[in-house]
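J.: What follows is a single structure, and I will ask about it in a moment.
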Amino acid sequence: MKVIGISGSPRLKSNSEILLQHALEPFLENNWEVCKFLLSEKQVAPCSGCDNCSQLGKCSICDDMDTLYEAFSSCNAIIIASPVYYRNVTSRLKAIIDRSYATRDKSPLKGKFGGAIAVGRGSGGGQSIVLTVIHNYFLSSGTICIPGELNGVSAVADQPGEILQQPKRLRQARILGENILKYASIMNRM
C-alpha cells in the first residue's frame with residue numbers, strides 16, 4: 001500500500017510540511033510505502049496550454065511532474081498540504097493541479113482516498129478556500145475526500161516551525177492520516 005504526501009510550500013521544513021509529516025505518521029507506523037513530494041525540492045513547470053497531451057496521451061513537459069504521474073498510478077491514497085498564498089494554493093501546487101489535466105483520460109487518482117491541509121497567517125487567511133481548491137481537485141480527479149476531525153486540517157501559523165507549538169493542530173493532522181488509512185485499508189480488504 002502506498003500514500004503520496006505533497007507539500008505545496010516553496011519553503012523547506014514549512015508549517016505545511018510539518019503538518020503533512022504528522023498526517024503521514026500513521027501510514028509509516030502501518031508499514032505503508034510513503035512517497036513525499038516536496039515542492040521546496042522539486043521543479044514543476046506550469047501548464048503551457050499546448051494541449052499536446054490530447055494527442056500524445058501524456059504531458060510534453062519533462063520535469064519532476066513525471067515522477068508524480070507514476071506515483072499517482074501506483075498509490076492508494078494522497079494527502080496534499082498547502083500554505084495560503086493570497087487566499088489560494090501556492091503557484092507550485094497550482095502547477096501540479098493544472099498539469100494533472102494531461103492524465104484526465106487515465107484517471108490515475110480515481111477511487112483513491114485523499115485529504116487536505118491548509119495553513120494560513122490569520123484565522124480568516126483563506127484556509128477554507130485552499131481546502132476547497134484541493135477538495136475540488138480531488139473530486140475532479142475521482143478521488144474520495146476524507147475528512148479529519150471536521151473537513152480538512154485548517155491551521156494558523158506564520159513563522160517557520162510555529163505549528164510545532166500547536167499540539168491540537170498536529171493531532172488534527174494525525175487524525176486526518178488515521179481516517180484516510182482506515183478507509184483505504186477497508187477498501188483494500190474488499
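J.: Ignoring the sites themselves, what is the longest stretch of the chain with no GluC sites (Glu not before Pro) in a DSSP loop and at most 16 other beta-carbon atoms within 10 Å? Working shown, then result.
T.: Values: sites that count: Glu41, Glu149.
By the stated rule (loop sites, at most 16 other Cβ atoms within 10 Å), 42-148.
J.: Please turn the phi angles of segment 36-43 into ³J(HN,Hα) values with the Karplus equation 6.51 cos²θ - 1.76 cosθ + 1.60 (θ = phi - 60°), one per residue in order, whole Hz, x for glycine and proline.
T.: After applying 6.51 cos²θ - 1.76 cosθ + 1.60, I find 8, 10, 9, 6, 6, 10, 10, 10 Hz.
J.: Please state the Cα pair-distance histogram of the chain with 10 angstrom bins from zero: what percent is in each bin?
T.: In whole percents, the pair-distance histogram is 10, 40, 36, 13, 1.
J.: How big is the dipole moment of segment 2-189 about its Cα centre under a simple scheme where the beta carbon of each Lys and Arg is +1, that of each Asp and Glu is -1, and everything else is neutral? Debye, nearest 20, please.
T.: Numbers: 21 positive and 16 negative charges, 64 e Å.
Dipole size: approximately 300 debye.
J.: Only counting other Cβ atoms within 10 Å, I'd like Thr67, Thr90, Thr143 sorted with the fewest neighbours first.
T.: Numbers: Thr67 13, Thr90 21, Thr143 24.
In increasing order of surrounding Cβ atoms, one gets Thr67, Thr90, Thr143.
J.: Using helices alone, I'd like the mean residue ellipticity at 222 nm for the chain: each DSSP H run of four-plus residues gives -39500 (n - 2.57), total over residue count, nearest 500. Spell out each step's value before the answer.
T.: Details: 6 runs with 77 residues, N = 190.
Calculated mean residue ellipticity at 222 nm is -13000 deg cm²/dmol.
J.: Would you please classify the overall shape of segment 128-190 from the alpha carbon gyration tensor, given that a ≥ b ≥ c denote the square roots of the eigenvalues, rounded means a/c under 1.5, and beyond that prolate means a/b larger than b/c while oblate covers the rest?
T.: Numbers: a/c = 3.15, a/b = 1.48, b/c = 2.12.
Cα axes put segment 128-190 in the oblate bin.
J.: For Ile78, list long-range residues whose amide hydrogen, built 1.01 Å from N in the peptide plane, is under 5 Å from its own amide hydrogen.
T.: Ile4, Phe113, Gly114, Gly115
J.: Counting other Cβ atoms within 10 Å of each Cβ, which trypsin sites (Lys or Arg not before Pro) in segment 1-105 have at most 15 and sit in a DSSP loop? Don't skip to the answer; put the middle values down first.
T.: Numbers: sites: Lys2, Arg11, Lys13, Lys36, Lys42, Lys58, Arg87, Arg92, Lys94, Arg99, Arg104; in loops: Arg11, Lys13, Lys42, Lys58, Arg87, Arg104.
Passing both the DSSP loop test and the Cβ count: Arg11, Lys13, Lys58, Arg87, Arg104.
J.: Normalising by the residue count of segment 2-189, find the relative contact order in percent from Cα pairs under 8 Å and 6+ residues apart. Intermediate results must be reported in sequence, preceding the final value.
T.: Working: 380 pairs, mean separation 51.4, N = 188.
Once divided by the residue count of segment 2-189, the mean separation gives 27 percent.
J.: Excluding residues fewer than 8 places away in the same chain, name every one of the lysines whose C-alpha is closer than 24 Å to that of Lys2.
T.: By straight Cα distance, Lys2 reaches Lys13, Lys36, Lys42, Lys58, Lys94, Lys106, Lys110, Lys112, Lys182.
J.: Still on this structure, please answer the following. Students often get this wrong: which residues of segment 57-100 have the backbone nitrogen under 11 Å from the point 7 angstrom along Cα-to-C-beta of Gln166?
T.: Only 84 pass the distance filter.
J.: Okay, moving on. Pop out the ³J(HN,Hα) list for segment 91-108 in order, Karplus 6.51 cos²θ - 1.76 cosθ + 1.60 with θ = phi - 60°, rounded to Hz; leave Gly and Pro as x.
T.: Computed from phi, the couplings for segment 91-108 are 5, 5, 6, 4, 4, 5, 4, 5, 6, 5, 3, 4, 9, 4, 6, 8, 6, x Hz.
J.: How large is the translational diffusion coefficient of segment 87-182 in µm² per second when you combine the Kirkwood radius over alpha carbon pairs with Stokes-Einstein at 4 °C and 1.567 mPa s?
T.: Numbers: Rh = 14.1 Å.
Roughly 92 µm²/s, to the nearest whole number.
Read the figures in this text as sums done on the coordinates, not as results from a lab. Predicted model only: the values in this text are computed from it and were never measured. A quick note on method: Cβ atoms are made from the backbone with ideal geometry, for glycine too, and the neighbour counts reach across all protein chains shown.
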